[in-house]
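One structure is given below, encoded as structure tokens.
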Amino acid sequence: MPYVLAQDFVQFLFHYLLHKVRLLWYVHQVHHSSEFLLFSFSVKRTHFLEEVFNLSLTSGVIGLLIGAMSFTFAIPIWKSELFGVDAWFLVHLFSFWHLRHSHMGLSYGWLESILQSPAQHQLHHSVENEHWDKNFGLLFSFWDRLFGCFLRSLPPENFRLGLPQADRGDYDSVLKLFFMPFWKIGKALLNDRGGQLPGVSIR
């Protein structure tokens, strides 16, 4: 369980930073540019830089944690698995993670204070002001409560998905999906005459 909690927090924190750090947000915009959630197609609509950052951070932190726990408590590393499958992935599988990037608004009711429901993550992809920068969690939603970005799922309603109007046309081709983050990062760095990295992304 500590392993599952640690990995989920690392994933939450990375996702939070993707939205709050301007340079990372330019990369994460590729994922949020989708205006229709189509299961695994929308899950994998991510820029390769995001995948590299995510896997490097997660593997590094979780590898150190598992190694430290294994050394300290003489716990075999395979104990982080259930039935031969990565424990964190298995828990996600049974929490309907595959429905998060869909239009199937499955809510968990009162359990949403603990577990992130597909309906909550769908609100995360909403472009409406009241939904913006909410529900960063993947498995557990109490991280969002700690960081002040928790939002319960709502009754089915129509809300637009995607990016704010100013960015909506930036990712409408395969070439733009690949090159636009580099363009935006380069432009931001060139305009950064104060010698500091661009700060928090503001909608």
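The values are calculated or read from the model by the stated rules, or taken from the named source; none is laboratory data. All figures in this text were calculated on a predicted structure; none of them were measured in a lab. Virtual Cβ from ideal backbone geometry, glycine too; neighbours counted across all protein chains shown.
Brief remarks follow.
- The set of residues in region 130-149 being farther than 16 Å from His101 by Cα, in contact with a helix residue (DSSP H, G or I) (Cβ under 8 Å, 6 or more places away or on another chain) and hydrophobic (A, V, I, L, M, F, W, C) consists of Phe140, Phe142, Trp143, Phe147, Cys149.
- Against the criterion of being at pLDDT 90 or above, part of a helix (DSSP H, G or I) and surrounded by fewer than 18 Cβ atoms within 10 Å (Cβ to Cβ), Leu146 qualifies.
- Being in contact with a Leu (Cβ under 9 Å, 6 or more places away or on another chain), modelled with pLDDT of 80 or more and not in a helix (DSSP H, G or I) holds for only one residue in Glu35, Glu50, and it is Glu35.
- Taking every residue in region 166-179 that is within 15 Å of His28 (Cβ to Cβ) and touching a residue at least 60 places away in the same chain (Cβ under 8 Å) and pairing it with any residue that is among the hydrophobic types (A, V, I, L, M, F, W, C) and loosely packed, with under 12 Cβ neighbours inside 10 Å, at least 6 positions away or on another chain, the pairs with Cβ-Cβ distances below 9 Å are Phe178/Phe48.
- Restricting attention to region 100-117 and to residues that are part of a loop (DSSP other than H, G, I, E, B) and of a type in the set (Ser, Thr, Tyr), the residue that is farthest from Leu139 (Cα to Cα) turns out to be Ser102.
- For region 118-129, the criterion of being surrounded by fewer than 16 Cβ atoms within 10 Å (Cβ to Cβ) and either part of a helix (DSSP H, G or I) or within 15 Å of the chain's Cα centre (by Cα) (or both) is met by at least one residue.
- Some residue of region 98-112 being at pLDDT 90 or above and in contact with a strand residue (DSSP E or B) (Cβ under 7 Å, 6 or more places away or on another chain): no
- Selection count where residues are in contact (Cβ under 8 Å) with a residue 40 or more places away in the chain and not in a helix (DSSP H, G or I), scope region 130-143: 7
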